[in-house]
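Readers should treat all values here as calculations from the given coordinates under stated rules, not as data from a laboratory. All values reported here derive from a predicted model rather than from experimental measurement. In this analysis, Cβ positions are derived from the backbone assuming ideal geometry, glycine residues included, and neighbour counts consider all displayed protein chains.
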């Protein structure tokens, strides 16, 4: 497991802030040059710069808002300005979920059901153990023992939005891994995932692909989009002197 | 000729400068947060209310106004003409990731602060934590698992840290001291691929000190590689392929030796 706090500290310095209390247009004068240059060169802000707000020309008016349907207004919080001459943009922004308030919110959400077992009858994989894994210190996928399948815990649980990744060895230190015959999987083979709440979900393999390791698609780790399983192992030529394989074999399965 | 050339260049540059804000707007993310507990507010632009009844914690998306100017921006006590924050003509940044927060300054006066947010990718397995002091309180130290992570943070300032995803125990104390704990101890989860931004808000003397948080997601980096094998697969019978190769070599040798013997004659 990647070493958490505090050993992997990487400071990136302090944000500066710009606070506007009373009318302070004079203060922004210097900022005008910076802001105008930024616009002219199309640069995005650096993280260590103070956030500057450029002063307005005395005759500046607000540009009309881009038309895009705002989400449903919550209760009666939004006021509709009079449709008369006004320099105010209509509607004013769009509401977002409220910021979380209070110390309790710092803990984050409770995780949902997590996978604990996998079965692929066609490949003689019966009730193999699935364990949550992350990355090693060198940022490679933390693959578990040869008789286990690692579920990438930073991604979605199987069946939830996005690509849920489960990887297992093809063979390790002379012991065949759970995914030793993944490359033989056929389209339509069923994958059953068991969860820690006792539920089960079935998936159907729709593709089996080999990728040169350096070209393993990042989309296999997507956090959004239609739910899918990405079953990954090694494949292609094995190099004994390097003790490694050329490729990754990937079987993608979708919920039944 | 030279003067004409300069004029042409100047015109081209000017038109580019005026044209750019439209496209730059697409790349900006600007959120407005009401960070003053205990008071509902109305927001006015150009003398008219554009938003009423803004409750503590409410967040508005102002991204479509990136590069635009909000004329005579004011934050007022809801339902009154009592101006809490008189920001004047306020031009919003044209691009980048920003949060504007209405908060109490160190002396307890309402103010607007603008912070720029780091939305660059995080390393595989890591998330990002930012803490910002937006409360009527003296400078503080922010501790994680008992160690000082951010020292001497005063109102209007903050700090950022990339760290391995996980849960830490966070406390906030007066700077240089170990007590009293003014916020926490609280479990704080750093999610992989997300930037958690925590604002200390409220008033210490007013006994309303608390935190509001926002999160920027979608910053994750996939693992560098998936290395799932360091030996060859054995056959179905369990005999290693190396042994089979050795046996095959031996069989070839047994056939070859008699030939060599015959040729010696």
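Reducing region B:45-104 and region A:178-217 to their Cα centroids gives an inter-centroid distance of 51 Å. Quick one: go through region A:222-256 and flag any residue whose amide nitrogen is under 16 Å from the point 7 Å out along the Cα-to-Cβ line of residue B:121. Residues A:222-224 fall inside that zone. Can you figure out the FRET efficiency of residue B:179 with residue A:109, using R₀ = 35 Å and their beta-carbon distance, to the nearest 0.05? The pair residue B:179/residue A:109 has a calculated efficiency of 0.65.
A crude spin-label estimate for the pair residue B:225 and residue A:200, with each label 7 Å from Cα along the Cβ direction, gives 3.8 nm.
The length gained on full extension between residue A:254 and residue A:187, counted as 0.36 nm times the residue separation minus their Cα-Cα distance, comes to 23.0 nm. Computed from the C-beta positions of residue A:147 and residue B:77 and an R0 of 51 Å, the FRET efficiency is 0.20 to the nearest 0.05. Counting, for every residue in A:214-220, the Cβ atoms of other protein chains within 10 Å of its Cβ and taking the mean gives 2.
Which value in nm describes the separation of the simple spin-label points at residue B:109 and residue A:214, placed 7 Å from the Cα toward the beta carbon? Placing both labels 7 Å along Cα→Cβ, they lie 6.0 nm apart.
With a Förster radius of 22 Å, plug the Cβ-Cβ distance of residue B:207 and residue B:40 into 1/(1 + (r/R0)^6) and report the FRET value to the nearest 0.05. Walk me through the intermediate numbers first.
Values: r = 19 Å, r/R0 = 0.87.
So the FRET efficiency works out to roughly 0.70.
Overall form of region A:115-255: rounded. Here a/c, set by the Cα gyration tensor axes a ≥ b ≥ c, is under 1.5.
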